[in-house]
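Student: Take a look at this one; I'll ask things after.
Each value in this text was obtained by applying a stated rule to the coordinates, not by laboratory testing. The shown structure was predicted, so the numbers you read here are calculated from the model rather than taken from an experiment. Cβ placement follows ideal geometry from the backbone for every residue including glycine, while neighbour counts extend to all protein chains displayed.
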Amino acid sequence: MQSIYYTDVFSAPLRGGMVRVICQKKDWEPQVAHPDELIFAQSLVPRRAREWLAGRFVAHLVLEDAGLAQPHLPMMAHTSGAPVAPYGYGVSISHKGHVIAACAARMEAHQGIGVDIELVRHSRVPIERRILTPNELARLPEDPDARMRAIVTAFSLKEAAYKALNPLVHRYIGFQEVEVVLKWLLSDQHVIFEPKAKDLEPLKLYGRYDTVVADGVTYVVSVVHAEPFNSGRMGQGWMLDEQGQA
């Protein structure tokens, strides 16, 4: 879908849902906003209100893609800041300036979903030792640009993992508590994680990342899903759409 207010940048199907990225245009106006959302946005500073409403707009789009019969119910926020999803669905939103990512999928109470979007650029301050485990550090490529992309991707995946895990464990999760350990043969862009904390061990965590370009700027967008090991569902199955496509 194209609009005078935004441009579709990226979309990909998930089993039972969708991930989507849009780029706001300068004359963005709130669209399809529920009155309760507009009232809440009035309590925010203008820049934050614009960002918050844009995130809700994209979340409503992906909820509709995921099959919600009434996609325009109000989507308020938990005390954590995460969106309150309609019953039977998981929703996550991420912003990077005027570029917004959201994902939604049908899921059960013991499952979690998270999305994150990051600029692909060199950091002014080295962050790899703060966010990467020793095993991840050892796997970093030597080429400076490839190394930077790997660090940004790991950061994005771990931010999305935190969003997916937080509703299940109800605590802060540090970067060192999950480790990206494997790329599936299914696609170079699909990963699984190894938990490094005791209370995370009963959970399986898997996701995908994609590189997208908006207004000539490169971003990485990551989607991560969490669920108990005893759920009986394979990770790569969840990351496919209903036709079995990645």
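Student: Where a Cα-Cα gap under 23 Å defines reach, which lysines qualify for LYS204, not counting those fewer than 8 residues away within the same chain?
Tutor: LYS158, LYS163, LYS183, LYS196
Student: Quick one: check the C-alpha center-to-center distance for the stretch 55-119 versus the stretch 121-139, whole angstrom.
Tutor: Here the two parts' Cα centres lie 29 Å apart.
Student: Out of the trypsin sites (Lys or Arg not before Pro) in the stretch 75-168, which ones are loop residues according to DSSP with at most 16 other C-beta atoms within 10 Å?
Tutor: Of the trypsin sites (Lys or Arg not before Pro), the ones in loops of the stretch 75-168 whose Cβ has at most 16 other Cβ atoms within 10 Å are ARG121, ARG124, ARG139.
Student: Go through the stretch 213-227 residue by residue and turn each phi into a ³J(HN,Hα) via Karplus (6.51, -1.76, 1.60, θ = phi - 60°); whole Hz please, and just put x for glycine and proline.
Tutor: 10, 10, 6, x, 10, 9, 10, 10, 10, 10, 10, 10, 10, 10, 6
Student: Moving on. For the stretch 146-162, what does the Karplus curve 6.51 cos²θ - 1.76 cosθ + 1.60, with θ = phi - 60°, yield as ³J(HN,Hα) per residue in whole Hz, taken in order and with x for Gly and Pro?
Tutor: 5, 5, 4, 4, 5, 5, 4, 5, 4, 4, 4, 4, 6, 5, 5, 4, 4
Student: So which lysines can LYS25 reach, going by Cα to Cα under 22 Å and dropping same-chain residues fewer than 8 places off?
Tutor: LYS96
Student: Please report ILE127, ILE117 as a ranked list, fewest other C-beta atoms within 10 angstrom at the top and most at the bottom. Don't skip to the end; give the middle numbers.
Tutor: On the way: ILE127 14, ILE117 26.
With the fewest neighbours first, ILE127, ILE117 line up as ILE127, ILE117.
Student: For ALA197 and VAL84, calculate 0.36 nm times their separation in residues minus their Cα-Cα distance, and state this gained length in nm to one decimal. Kindly include the intermediate steps, with their values, before the conclusion.
Tutor: On the way: separation 113, 0.36 × 113 = 40.68 nm, distance 2.66 nm.
Using 0.36 nm per residue and subtracting the Cα-Cα distance, I get 38.0 nm.
Student: Label PHE229 and ARG130 with points 7 Å out from Cα along Cα→Cβ: what is the distance between them in nm?
Tutor: Modelled inter-label distance: 3.2 nm.
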